[in-house]
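Asker: Next up is a structure, given as structure tokens.
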Amino acid sequence: MSVFDEKAKRLARLFTAICLGDFEVVREIRRAAPAGEPDRSWREAVLQTHLFCGFPRLVQAYGVFDSEGGLGEPEPDEY
């Protein structure tokens, strides 16, 4: 039994793929996003990657997300 639910596993995989620069995996994860995702947790996970792998990878990831439909609309309190 895993202590992580499917969403947590997906976010960990997404975060790791960005840090490793594996943008095909990032693309695959975004394309396979279930209903209701990407959401706030995706946006937060992606934003945090700059701490571990720098802004260039973050910018590249945003480019992939833009080409695949984005990261969803921010909630009002995210601004």
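The values are calculated or read from the model by the stated rules, or taken from the named source; none is laboratory data. Treat the numbers as computed from the prediction; the structure is a model and nothing was measured. Ideal geometry is used to build each Cβ from the backbone, glycine not excepted, and the neighbour counts take in all protein chains shown. Accessible surface is based on the protein model in full, side chains and every heavy atom, while ligands, DNA and RNA are left aside. Shrake-Rupley method; radii C 1.70, N 1.55, O 1.52, S 1.80 Å.
Asker: Rounded to the nearest 20 debye, what is the charge dipole size of the chain about its Cα centre when +1 sits on each Lys and Arg Cβ and -1 on each Asp and Glu Cβ?
Answerer: 300 debye
Asker: Nearest 500 deg cm²/dmol is fine: what mean residue ellipticity at 222 nm does the chain get from its DSSP H runs of n ≥ 4 alone, each adding -39,500 (n - 2.57), divided by its residue count?
Answerer: -20500 deg cm²/dmol
Asker: Just to confirm a number: summing +1 for Lys and Arg and -1 for Asp and Glu over residues other than Gly69 whose beta-carbon lies under 14 angstrom from that of Gly69, what do you get?
Answerer: Here the charged neighbours net out to -2.
Asker: Any idea what the relative contact order of the chain is, in percent, if you count C-alpha pairs under 8 Å spaced at least 6 apart?
Answerer: Reported as a whole number, the value is 34 percent.
Asker: Hey, another quick one. Loop-only GluC sites (Glu not before Pro) in the chain, please: DSSP not H, G, I, E or B, and at most 16 other Cβ atoms within 10 Å.
Answerer: Glu68
Asker: Given the Cα-Cα distance of Lys9 and Leu47 and 0.36 nm per residue of separation, how much length would full extension add, in nm?
Answerer: Length gained, Lys9 through Leu47: 12.0 nm.
Asker: State the percentage of accessible surface on region 5-71 attributable to carbon and sulfur atoms; use a 1.4 Å probe and exclude ligands, DNA and RNA.
Answerer: Ligands and nucleic acids excluded, carbon and sulfur give 57 percent.
Asker: What whole-number value in Å² describes the accessible area per residue of the chain for a 1.4 Å probe?
Answerer: 64 Å²
Asker: Figure the gain on full extension for Val25 and Asp66 (residue separation times 0.36 nm, minus the Cα-Cα span) and round it to one decimal in nm.
Answerer: 13.3 nm
Asker: Another question, if that's okay. Whenever you get a sec, line up Phe4, Phe23, Phe65, Phe15 from highest to lowest accessible area (probe 1.4 Å, protein heavy atoms).
Answerer: Phe4, Phe15, Phe23, Phe65
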